[in-house]
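Shown next, in structure tokens, is the structure this report addresses.
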Amino acid sequence: MEHNRGSWGSNTGFLLAAIGSAVGLGNIWSFPYKMGRCGGFLFFILYLLLSVFVGFVIMAGELAMGRKTGRGAVGAYHALSKRFRWVGWLAVFSPFVVMGFYAVLGGYCMEYMVLNLSHLVIPGMQSQRGAEAFQMMLSHSMRSLISMLAFMAVCYLISRSGVSGGIERFNKVGMPALFGMLAIMIVRSLSLPNAMEGLKFMFLPGYAVEAGFIQQAPGFASILATAGGQMFFSLSLAMGAMITYGSYLGKGENLAKNAGIIVTADAIVATLAGVAVIPAAIANGIVEIRSGATVLDAATGLERAMTLADIQLGGPSLLFVTLQDVFRSMGAIGPLFGTIFYLLVLIAAISSAVSLMEVVIACFLDRSAERGKRGNRPAVVALVSLAIAAEGAVVAADGLGTNGLWVPFQKTFGVIGAFNGSWLEFMSAVSEGIAMPLGALLMSLMVAWELRPKTLLEEIHLGGSQKIDGFFTVCIRFVVPLAMLLILVGQLDEIFHLRMFS
């Protein structure tokens, strides 16, 4: 509190905030699709194993780094290491860039919530098809800009109120509400006709190929890399978030127990989100196929009959096209479930966004403390929010590549895989695809071979965790570096379509 950094009011508040940081948009639109595309059960088992042997270890290590130094990402690396001190800046760069497109996606969620609420309270208001509504939103840059600014205004107000009074207070309300709305959506999703097809898609090995959702399942190496990437990003690792949140923890808190709770809760939410989303999306798609719906064939430019493979189960299309059509098909009650769902997604987006902002905010407050000054948190939060809004304005104007905005390297080299098709893809590739897995790899090497695991284990022991020494040491020295190298290569393969794992 001496330098206006703040602290958690309770361990429960910290856990809810940390779980909120981990539970974001990726859990809702990415996890279930990747699980089905990669063969269901095998992906799920690998995800869980990687969460235990990699995610838990990095999580505990980052929390220990933050609490040991009492500083955010940059300050923690500077205090602990000589060779790897620059990695702290990488851990601040990643969340700042991520927020550039995350704020826009959060604005989209806010707009869709208002859209469904309007259909609910205004009798007779005609509901657009998901694809039409989404395309209209993308092409109207000013609408996207206003929605993004509204989302950032909410994040600003939460962050401005401090760690305990803002972030913790929001998550104490937001996380229970999120679980409650998720339960409502699961009940409704599983009550739809053909919902069982969605559960088979997720959990039955080989069913995605057998039923015609995908042509061919990827190989084991590809599934391992995909599961590792999903685990890594879902837990907010190497983004400075857990280091920063750990720096606000008291010395008596059990870091290993907290890390285990966060990892377990994230896996549960990701799975439940899949059960809420995928059965509904597939059930609605089957209804459309049986009703004779047609789609535009990208190869021929001609309309053809819709098939199972045309159901959009991943990325923004799942969230803003497929699911909006699901709510539209429910009739008069659809807007109610649409409002509940997009409010759920909005809470998940806000809880993750404020944790990413806090990484950058803590960096400035720590620098003030190093100069012996008391940081002005409201002013820092305002400056960080404005900077994020500036980069978010570029993403909003680009409209996911639909508005012809200049994108780095596109004119010189053309569109390279998923690297520079839009500003969202470019920012995601640079931050999530390269900077974050590289940062986690370097962090594990720093702890294993420069600091030695004992340095962080001494901090972990303060909370009463005495039984993970051997497990932590073996994993941080051997398992984590190898896994992170594979994940980094897998991300590069996916971004640039190198087909190394084909």
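The values are calculated or read from the model by the stated rules, or taken from the named source; none is laboratory data. Quick caveat, the model's predicted, so the values are computed rather than measured. Glycine gets a Cβ as well: all are built from the backbone with ideal geometry, and neighbour counts include every protein chain shown. Remember, those area values only see protein heavy atoms, side chains included, never the ligands or the DNA or RNA. Shrake-Rupley method; radii C 1.70, N 1.55, O 1.52, S 1.80 Å.
Report Val74's accessible area, 1.4 Å probe, all protein chains in place, as a number in Å² to the nearest 10.
10 Å²
Report the label-to-label distance for Ala382 and Val121 in nanometres (one decimal), using points 7 Å from each Cα along the Cα→Cβ vector.
It is 3.1 nm.
Over the heavy atoms of Ser291, what accessible area does a 1.4 Å probe trace out, to the nearest 10 Å²?
90 Å²
Pairing the Cα long axis of helix 480-496 with the longest principal axis of the chain, what angle in degrees results, from 0 to 90 and rounded to the nearest 10?
40 degrees
Which entries in Lys251/Lys373; Lys34/Lys82; Lys34/Lys68 show an alpha-carbon gap greater than 30 Å?
Result: Lys34/Lys82; Lys34/Lys68 exceed 30 Å.
Taking all protein chains as present, what is the carbon and sulfur share of the accessible area of the chain, in % to the nearest whole number, probe 1.4 Å?
65 percent
Got a sec to turn the phi values of the stretch 93-107 into Karplus ³J(HN,Hα) couplings, 6.51 cos²θ - 1.76 cosθ + 1.60 with θ = phi - 60°, whole Hz, x for Gly and Pro?
4, 4, x, 5, 5, 4, 5, x, 9, 5, 5, 5, 5, x, x
Which whole-Hz ³J(HN,Hα) couplings does the stretch 308-319 yield from phi under the Karplus relation 6.51 cos²θ - 1.76 cosθ + 1.60, θ = phi - 60°, glycine and proline marked x?
Result, ordered by residue: 4, 5, 7, 5, 7, 10, x, x, x, 4, 5, 6 Hz.
Among all stretches of the chain without exposed chymotrypsin sites (Phe, Trp or Tyr not before Pro) (DSSP loop, at most 15 other Cβ atoms within 10 Å), which one is longest?
For chymotrypsin sites (Phe, Trp or Tyr not before Pro) (loop position, at most 15 other Cβ atoms within 10 Å), the longest site-free span of the chain is 87-405.
Calculate how steeply helix 334-370 sits against the longest principal axis of the alpha-carbon atoms of the chain, using the helix alpha-carbon long axis, and give the answer as 0 to 90 degrees to the nearest 10.
So the helix axis and the longest Cα principal axis differ by about 20 degrees.
Enumerate by residue number the trypsin sites (Lys or Arg not before Pro) in the stretch 390-485 meeting two conditions: DSSP loop (anything except H, G, I, E, B), and at most 14 other Cβ atoms within 10 Å of the site's Cβ.
Lys467
Taking amide H positions as placed 1.01 Å from N in the peptide plane, with prolines and chain starts having none, which residues 5 or more places from Gly463, or on another chain, fall under 5 Å of its amide H?
Here the answer is Leu255, since their amide H atoms fall under 5 Å of that of Gly463.
Within the stretch 236-300, which trypsin sites (Lys or Arg not before Pro) sit in a loop by DSSP and count at most 15 neighbouring Cβ atoms inside 10 Å?
For trypsin sites (Lys or Arg not before Pro) across the stretch 236-300 that sit outside H, G, I, E and B with at most 15 neighbouring Cβ atoms in 10 Å, the list reads Lys251.
Gain in length, Trp449 to Thr12, computed as 0.36 nm per residue apart minus the alpha-carbon separation, to one decimal in nm?
Length gained between Trp449 and Thr12: 154.0 nm.
With a probe of 1.4 Å, find how much accessible area the stretch 360-448 has per residue, and write the answer as a whole number in Å².
On a per-residue basis, the stretch 360-448 sits at 40 Å².
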